[in-house]
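Written out below as structure tokens is the structure these notes cover.
Read-outs: derived from the displayed coordinates by stated rules, not from any lab. Note that the coordinates shown come from a computational prediction; the quantities given were computed from them, not determined experimentally. When we count neighbours, we look across all protein chains shown, and the Cβ atoms used for this are built from the backbone with ideal geometry, even at glycine.
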Amino acid sequence: MFDIVTQFEERIAKFFGAPYAVSTDCCTHAVELCLRYNKSNNISIPMHTYLSIPMTASKLDLKWTWKDERWTDYYYIDNKIIDAAVLWKKNSYITGTMMCISFQYKKHLSVGRGGMILLDNYQAYTDLIKLGYDGRNRQPSWSEQAIDCIGYHYYMTPETAQQGLDKLDTAINSTPKLWSWQDYPNLTTMPIFSN
């Protein structure tokens, strides 16, 4: 059943030039899984980005600060994790990082909701699959596995992966929008982030 998810991950990894890709139900959860996996703390977040990123840092009770960054296509959250939610560019994977991309409805490859982590570390790849899938591997059935770690219910469904595969060639052969910090409001002016 999850073969289609693996196919979608492999096609996206190949497009971006990454050795591995781990799908998630959304890009915010991809970022969260990377933050959890790397035990990140003392991170910095652009004042102009999507509001779920600082909300996730607060949810995880991380130490974080705002940064006034004029980014285009992606930005670093720490020295390893990149929020690349709006990036769509062939062979743009940055070696040694975990790049989180989005398939949300406004993105170039839109399936309504979905995300992916691009990476080049095999151990992190296998660990992040389990972390995003209730602590289990995709095969065999969870009831036949000796679950040995906490996981989160953040996996991409086969139906979403199939939508991505169905739209992938069109996305590859069309010109994406160039996104930047200017596409987002200054979050520091919002009451929720005033503290």
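Here are the numbers:
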{"item": "Net +/- balance of residues flanking Tyr75 in space, Cβ distance below 14 Å, scoring K and R +1, D and E -1", "result": "-3"}
{"item": "Estimated inter-spin distance, Ser180 and Glu159, nm [label 7 Å along Cα→Cβ]", "result": "4.0 nm"}
{"item": "Antiparallel %, DSSP beta bridges [both residues in the stretch 3-193], to 5", "result": "65 percent"}
{"item": "The stretch 4-38 residues near the modelled Ile192 label - backbone nitrogen below 19 Å, point 7 Å along Cα→Cβ", "result": "26-33"}
{"item": "Neighbour-count order for Cys100, Cys149, fewest beta carbons within 10 angstrom listed first", "result": "Cys149, Cys100"}
{"item": "Burial ordering of Ile4, Ile77, Ile172, fewest other beta-carbon atoms within 10 Å first", "result": "Ile172, Ile4, Ile77"}
{"item": "Inter-probe distance in nm under a simple model that places probes 7 Å from Cα toward Cβ, at Thr72 and Lys89", "result": "0.8 nm"}
{"item": "Those lysines that a straight Cα-Cα span of less than 21 Å connects to Lys89, excepting residues fewer than 8 apart in one chain", "result": "Lys14, Lys80, Lys106, Lys107, Lys167, Lys177"}
{"item": "Most fluctuating residue given options Pro176, Pro54, Pro140, as computed from a GNM of the chain linking Cα atoms under 10 Å", "result": "Pro140"}
{"item": "Per-selection metrics, the stretch 3-193 (Cα): Rg and Dmax in Å", "result": "16.1, 50"}
{"item": "Calculated FRET value between Asn137 and Lys39, using beta carbons and R₀ = 22 Å, to 0.05", "result": "0.50"}
{"item": "Partners for Lys39 among aspartates and glutamates (Cα-Cα distance below 12 Å; same-chain residues under 8 apart left out)", "result": "Asp61, Asp78"}
